[in-house]
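Working notes, beginning with the structure itself.
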Amino acid sequence: MKQLTYGMVGGAPGSFIGAQHRRAINLDNLAILTAGCFSRTPSKNITTAKELRISPEKCYRNFEEMARAESSREDGIDFVVIVTPNVSHYPIAKAFLNAGIHVACDKPLALTAEQGSELEKLAEEKELLFMVTYTYMGHVTAKHISRLIQSGKIGKIRTVMSEYPQDGMARLFNEKQKPEGWRLDPMQGGSTYCLSDLGTHVENAVSTMTHLKIKRVLAKADTMIPESILDDNDFVLVEFEGGATGMFWISKIALGHANSFCIRIFGEKGSIEWNQEECELFTLTDEKGNVHKMRRGNRGGEAEASSYARLPAGHTEGFLEAMSNLYASFTACIRAKQDGTFFPEMVDYPTVTDGLNGLRFVEACERSSKEGNIWVNITSVSS
């Protein structure tokens, strides 16, 4: 079987996430990196290509040149990975879709729902695969939870509580350091910070695990650090289609929390709790109040989710394995596309539509907060 190849836009030295994508793909030898435009700075671009053993003819000056060239080469890439600042996700993804190349893009999908909608339509028209890397949904336990809830294990969902507190921004300001680089620049990161960076993860996790769709939101987006110009602490009330309710808290100023993403789901017949920092484990409480600790790798797990596990219980798997699980499904779908065996039910990764839903969530929250904390329907945001 022909080895898949991919290219990367972004990911030069200093990029945290670019290196993680490369490691995740390498973990299972899913594809080989053969092309790239790693930086807008020529020297960094060339140096990175040399370090990654990319041939000079496949180290491109810009993404437009890369998309054109790779689409016409006999040895062109099968997919591209986009790991650049938010502002460039849309034009890069659009260029590669137009060139007929499958796309994997870091979140958020774009800066606006309008851009996201255009990418969704373009991917559909071109019959191309598009993955948005909400990494946490690659965890085996997250997949178990999604399938348990879908099977009716905890009954009809009544309410969902989720929080994603971090303290990095507060610590940096307290230490008089410049925080987060481009992420706090509205021209590069967009008009929200906390909502786009963390809120999209919360929206996607809740949607993926519960299979619920958000109907409307009421948000309060705060800027608690005076030196900042974008939101750093957000509260969101949520009403789902079907009557369930929810409350989300997203923060960059929660001292004492490194990456404390947590979700609690309460149904008529039980509840489930999952914490990203203890991703091997989730808690299932039944309707009688009996508490069951469910660990990845133990017997009794849902078979399809268990197929992603690499190690026995007690041998921890984490962030890279979760991202690699997303790429495992994505590359399997690409292979199926190539040999004519693809069908939509094969997709087990966050899609361009999931990315668009995140953008609609962010825009609804932003509008709600600016207009005095009013309820805003998700479906009305882009109209």
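The values are calculated or read from the model by the stated rules, or taken from the named source; none is laboratory data. No experiment lies behind these values; they were computed from the predicted model shown. Methodologically, a virtual Cβ is constructed for each residue, glycine included, from the backbone with ideal geometry; neighbour enumeration extends over all protein chains shown. The area values use the complete protein model at the heavy-atom level, side chains included, leaving out ligands, DNA and RNA. Shrake-Rupley method; radii C 1.70, N 1.55, O 1.52, S 1.80 Å.
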If I go through region 1-21 residue by residue, how many of them are at pLDDT 95 or above and more than 23 Å from residue 90 (Cβ to Cβ)? 2
Looking at region 57-77, is at least one residue open to solvent by less than 10 Å² (accessible area, probe 1.4 Å) and under 23 Å from residue 183 (Cβ atoms)? no
Tally up the residues in region 35-50 that are in contact (Cβ under 8 Å) with a residue 12 or more places away in the chain and either in contact with an Asp or Glu (Cβ under 8 Å, 6 or more places away or on another chain) or not in a loop (DSSP other than H, G, I, E, B) (or both), please. 10
Give me the pairs: first residue in region 14-34 and free of Cβ contacts under 8 Å to residues at least 40 places away in the same chain and under 19 Å from residue 136 (Cβ atoms), second residue of a type in the set (D, E, K, R) and open to solvent by 30 Å² or more (accessible area, probe 1.4 Å), beta-carbon distance under 6 Å, and six or more apart or on different chains, which are they? none
Lone unmet requirement of (1) surrounded by 21 or more Cβ atoms within 10 Å (Cβ to Cβ); (2) under 18 Å from the mean Cα position of the chain (by Cα) for residue 275: (1)
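For region 79-193, which fully contained helices (runs of 4 or more DSSP H) count at least 2 residues that are at pLDDT 95 or above, out of contact with any Lys or Arg (no Cβ under 6 Å at 6 or more places or on another chain) and among the aromatic types (Phe, Trp, Tyr)?
Qualifying helices (runs of 4 or more DSSP H): 89-98.
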In this structure, is residue 227 surrounded by fewer than 18 Cβ atoms within 10 Å (Cβ to Cβ), at pLDDT below 95 and either out of contact with any Pro (no Cβ under 7 Å at 6 or more places or on another chain) or not in a strand (DSSP E or B) (or both)? yes
Kindly indicate the residue of region 302-355 that is among the acidic types (Asp, Glu) and modelled with pLDDT of 90 or more and also nearest to residue 213 (Cα to Cα) among those meeting that condition. 354
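Listed here are the residues, each with its yes/no results for (1) touching a Ser or Thr at 6+ places or on another chain (Cβ under 8 Å); (2) open to solvent by 40 Å² or more (accessible area, probe 1.4 Å); (3) part of a loop (DSSP other than H, G, I, E, B); (4) within 30 Å of residue 125 (Cβ to Cβ).
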residue: 311; (1), (2), (3), (4): no, yes, yes, no
residue: 323; (1), (2), (3), (4): yes, no, no, yes
residue: 332; (1), (2), (3), (4): no, yes, no, yes
residue: 348; (1), (2), (3), (4): yes, no, yes, yes
residue: 353; (1), (2), (3), (4): no, yes, no, yes
residue: 359; (1), (2), (3), (4): yes, no, no, yes
residue: 368; (1), (2), (3), (4): no, no, no, no
residue: 373; (1), (2), (3), (4): no, yes, yes, no
